Amino acid sequence: VHFYGHDHEGAKVARIALKRLKVPNDMSEEVAFLVENHMRLSSANQFGKAAIRRLIRDMGNQLERFLDLCEADRLGHKDPTPLSEFRQRVAQALTETPVESLESPLSGEEIMRLLQLEPGKAVGDWKTRLVEAVLEGNVTNVESARSWLLEQSQQ
């Protein structure tokens, strides 16, 4: 039996139940976030390195709880597949790329200076593209970020 959208509906139910139980709002939001995102691992065995880095960034300090929830969810299936191999890949990604390096290595001010931009949407767009380049493994430090940004801006 499948209930499409149960992740979003489950997050709503979790918020309501936790509010009724007078759980602090920040904890309630953390639980709802985990429930709402638990289906992201439905195709975990097909995740490449960039997808794993994206997941690590998105989950932040909730990563272990997220993986535990997904493991528990899988146990409810007819043929549960363990996440042990995926957990190893996540651990490997964490040793290769610390969480804090999954953000833009350049500030908005530096992007404006390098590209001679005024404050505005374009700066945010370039910063988003830069973060994607980090997640894809094309940018690994501040120097490569500067080079990548200048090269991309010429295209």
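Computed from the coordinates by the stated procedures, all read-outs in this text should not be read as laboratory data. The structure displayed is predicted, hence computed values, not measured ones. Please note: Cβ atoms are built from the backbone with ideal geometry, for glycine as well, and neighbour counts cover all protein chains shown.
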- Message: As an exercise, use a Förster radius of 30 Å and the Cβ-Cβ distance of Arg113 and Asp58 to find the FRET efficiency, rounded to the nearest 0.05.
- Response: 0.55
- Message: Taking the alpha-carbon distance from Lys22 and a cut-off under 17 Å, which lysines remain once sequence neighbours fewer than 8 residues away in the same chain are dropped?
- Response: Lys12
- Gyration tensor on Cα atoms of region 103-153, a ≥ b ≥ c root eigenvalues, a/c under 1.5 rounded, else prolate if a/b beats b/c, else oblate, says prolate
- Item | For Rg/Rh (Cα atoms, Kirkwood Rh), calculated from these coordinates, the label among (1) 1.04; (2) 1.07; (3) 0.97 | (2)
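Can you tell me, using C-alpha contacts under 8 Å and at least 6 residues apart, the relative contact order of the chain as a whole percent? Working shown, then result.
Values: 115 pairs, mean separation 28.6, N = 155.
RCO, the chain: 18 percent.
Counting each DSSP H run of 4 or more residues in the chain as -39500 (n - 2.57), what helix-only mean residue ellipticity at 222 nm follows after dividing by all residues, to the nearest 500 deg cm²/dmol? Present the calculation step by step, with values, prior to reporting the outcome.
Details: 8 runs with 101 residues, N = 155.
So the calculated ellipticity at 222 nm is -20500 deg cm²/dmol.
On a full-extension model of 0.36 nm per residue, what is the gain between Lys121 and Ser144, subtracting their alpha-carbon distance, rounded to one decimal in nm?
Values: separation 23, 0.36 × 23 = 8.28 nm, distance 2.30 nm.
Stretched fully, the Lys121-Ser144 segment lengthens by 6.0 nm.
Once you keep just the Cα pairs under 8 angstrom separated by 6 or more residues, what percentage relative contact order results for region 103-153?
42 percent
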